[in-house]
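Coordinate-derived values only; no laboratory data. Just so you know, these numbers come straight off a predicted model, no measurement behind them. Please note: Cβ atoms are built from the backbone with ideal geometry, for glycine as well, and neighbour counts cover all protein chains shown.
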Amino acid sequence: MMHTHRPQALVTDGLWRKSLSAVRSLGKSGFDVTVMGDSWFTTGFWSRYAKRRLLAPLASHSPEEFGRSLLNFLEKNPGVIILPMEDATLGWVSKNRGALEKMGSRFLVPPEESLNIAQDKAQTLAVAEGLNLPCPRTWRPENAQQFADLATQLAASKDLNFVVKPRSGCGSAGVVYGNETGPAAQSQFWRQLLPQYWIEHWDRFGPMLVQERIPAEGRGQGVSLLFDSRAECIAAFAHERIEQYPNSGGPSTDRMSIHAQEITEWSIALLKKLKWKGIGMVEWKLDPRDGTPRLMEINPRFWGSLELAVRAGIDFPALYARAAAEEKLEPRVQYPAGVRCRWMIPGELLRYVSQSRGKRESLVRFVRGLPASAEEWDLRDLRGFFAVVLCTAAYAFNPKYWKYLR
């Protein structure tokens with residue numbers, strides 16, 4: 001057993017940039033941080049704020065081995081605060097919350113029913129519609145054939161720009177945009193007229209929903225929230241996307257803090273309806289046709305642009321850890337608008353080189369503000385910065401991670 005007077009926290013899935021942000025946040029706030037990862041190329045392992053490294057399989061790859069390693073660690077270190085960073089890890093913690101609580105571990109996760117709703121876009125939209133929150137026009141096919149008939153009909157009519165999304169999942173995997181223009185879109189258009197194309201898509205990515213597509217110029221906005229064990233909101237932060245990769249739709253690479261009272265209130269109401277506990281980010285998109293923000297989804301875990309909130313003064317990882325330890329906290333909702341933070345490696349680099357010349361900024365403007373504006377950069381943690389560079393380069397040679405670049 002470790003003997004320390006510093007509170008202990010464990011950050012899972014240490015490869016990701018949000019995990020590095022959490023490690024730095026907790027370390028600077030006085031926590032003794034353990035980082036969990038499946039490879040010595042796990043970025044968070046090399047931060048100066050990582051006191052211990054726990055090498056173990058990922059919950060997404062081997063939940064049994066992940067759980068065994070985590071429980072063995074927690075048995076020797078009672079009272080550790082757990083920050084589950086990815087969907088599979090969050091799901092494992094949720095399903096095993098009883099065993100973890102018996103070991104004295106501390107964490108904040110939503111009720112399992114609420115988590116299931118948040119991870120299913122169709123169920124999320126149904127709850128939001130019950131609260132009269134604005135949502136895109138949405139179809140929820142019940143099976144692959146119904147989905148194929150609907151998508152084929154919409155593609156053939158050309159009357160509606162639509163988007164197909166997996167009901168569960170995150171990022172751009174499985175997303176298809178229908179009725180787009182341009183040479184590249186035309187080659188895909190003919191495939192979209194075949195029901196078999198859509199049936200294979202359902203078989204590959206799971207149950208789908210179909211939505212009216214908000215025009216591409218509509219601005220994406222997100223509201224990040226933290227609820228304590230009493231389901232009270234103790235932190236709120238809003239941001240707007242400036243750039244993203246892939247350019248057609250994907251994680252943000254450049255974002256800015258904003259004040260957005262309306263969608264913040266709507267987001268809090270939505271998560272309160274679900275009796276939420278812990279972290280959540282509610283994603284919206286402004287419809288440029290009428291200026292209405294429309295609900296996209298709930299992200300029930302720590303989000304990719306976490307570092308922006310930390311730099312703007314809403315330190316979600318430290319607040320989460322303190323709330324999980326049942327510390328009474330005053331709500332944190334005040335922060336400056338206009339703070340920007342960029343995911344440079346490889347997000348902004350890929351965005352810049354893949355964007356058409358007519359849309360991307362000049363090279364001088366692209367490098368303006370660097371390295372300070374890069375979320376990877378931290379003068380107090382240069383080890384962490386160089387780990388981002390080297391580990392990202394190493395993973396670029398591993399085909400298992402190429403899907404994230406795409």
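Brief remarks on what is shown
- Using the rule -39500 (n - 2.57) for each DSSP H run of four or more residues, divided by the residues of the chain, the 222 nm mean residue ellipticity is -10500 deg cm²/dmol.
- Dividing the C-alpha radius of gyration of the stretch 220-375 by 2.2 N^0.38 Å, with N its residue count, gives 1.09.
- Dipole of the chain [Lys/Arg +1, Asp/Glu -1 at C-beta], most positive-end residue of Ser252, Leu108, Val353: Val353
- Dipole magnitude of the chain, debye to nearest 20 (Cβ charges: Lys/Arg +1, Asp/Glu -1, about Cα centre): 900
- Annotation: extensible slack from Phe397 through Asn132 equals 90.6 nm (criterion: 0.36 nm per residue apart, minus Cα-Cα distance).
- Cross-link reach list, aspartates and glutamates versus Lys76, counting only Cα pairs under 16 Å and skipping chain neighbours closer than eight places: Asp32, Glu101
- Estimated distance in nm for a label pair at Arg340 and Ala269, the labels positioned 7 Å out from Cα along Cα-to-Cβ: 3.3
- Amide H contacts for Cys341 (H built 1.01 Å from N in the peptide plane; partners 5 or more residues away or on another chain; cut-off under 5 Å): Arg255.
- Each Cα pair under 8 Å and six or more residues apart adds its separation to the average, and for the stretch 187-299 the resulting relative contact order is 26 percent.
- Stokes-Einstein diffusion coefficient of the chain, Kirkwood radius over Cα pairs, 20 °C, 1.002 mPa s, in µm²/s: 97
- With bins 10 Å wide beginning at 0, the percent of Cα pairs of the stretch 8-107 falling in each bin runs 18, 54, 27, 1.
- Residue exposure proxy: Asp203, Asp254, ordered by other Cβ atoms within 10 angstrom of their Cβ from fewest to most, comes out as Asp203, Asp254.
- Annotation note: GluC sites (Glu not before Pro) in the stretch 278-372 located in DSSP loop regions with a Cβ neighbour count of at most 15 within 10 Å are Glu326, Glu327, Glu361.
- For trypsin sites (Lys or Arg not before Pro), the sites in the stretch 196-260 that DSSP calls loop and that have at most 16 other Cβ atoms within 10 Å are Arg219, Arg230.
- Spacing of the modelled spin labels on Phe366 and Lys328, each 7 Å from Cα toward Cβ, amounts to 5.3 nm.
- If only the Cβ of Lys and Arg carry +1 and only the Cβ of Asp and Glu carry -1, the dipole of the stretch 220-375 around its Cα centre is close to 360 debye.
- For the stretch 269-406, the relative contact order comes to 15 percent (Cα pairs under 8 Å, sequence separation of at least 6).
- In this simple spin-label model, placing a label point 7 Å from the Cα along the Cα-to-Cβ direction at both Met256 and Arg219 gives a separation of 0.7 nm.
- In order along the stretch 150-165, phi translates into HN-Hα couplings of 5, 5, 5, 5, 5, 5, 6, 6, 6, 8, 9, 6, 10, 10, 9, 9 Hz, rounded to whole numbers, per the Karplus curve 6.51 cos²θ - 1.76 cosθ + 1.60 with θ = phi - 60° and x for Gly and Pro.
- Hull volume in cubic angstrom per residue (convex hull over the Cα atoms of the stretch 55-102): 72
- Amide H contacts of Gln8 (H built 1.01 Å from N, under 5 Å, at least 5 apart or other chain): Asp32, Ile81
- Local electrostatic count, Tyr49, Cβ distance below 10 Å [Lys/Arg +1, Asp/Glu -1]: +3
- Listed by Cβ neighbour count within 10 Å, with the fewest neighbours leading, Ser39, Ser305 appear as Ser39, Ser305.
- Contact order relative to length of the chain, as percent, for alpha carbon pairs under 8 angstrom and 6 or more apart: 17
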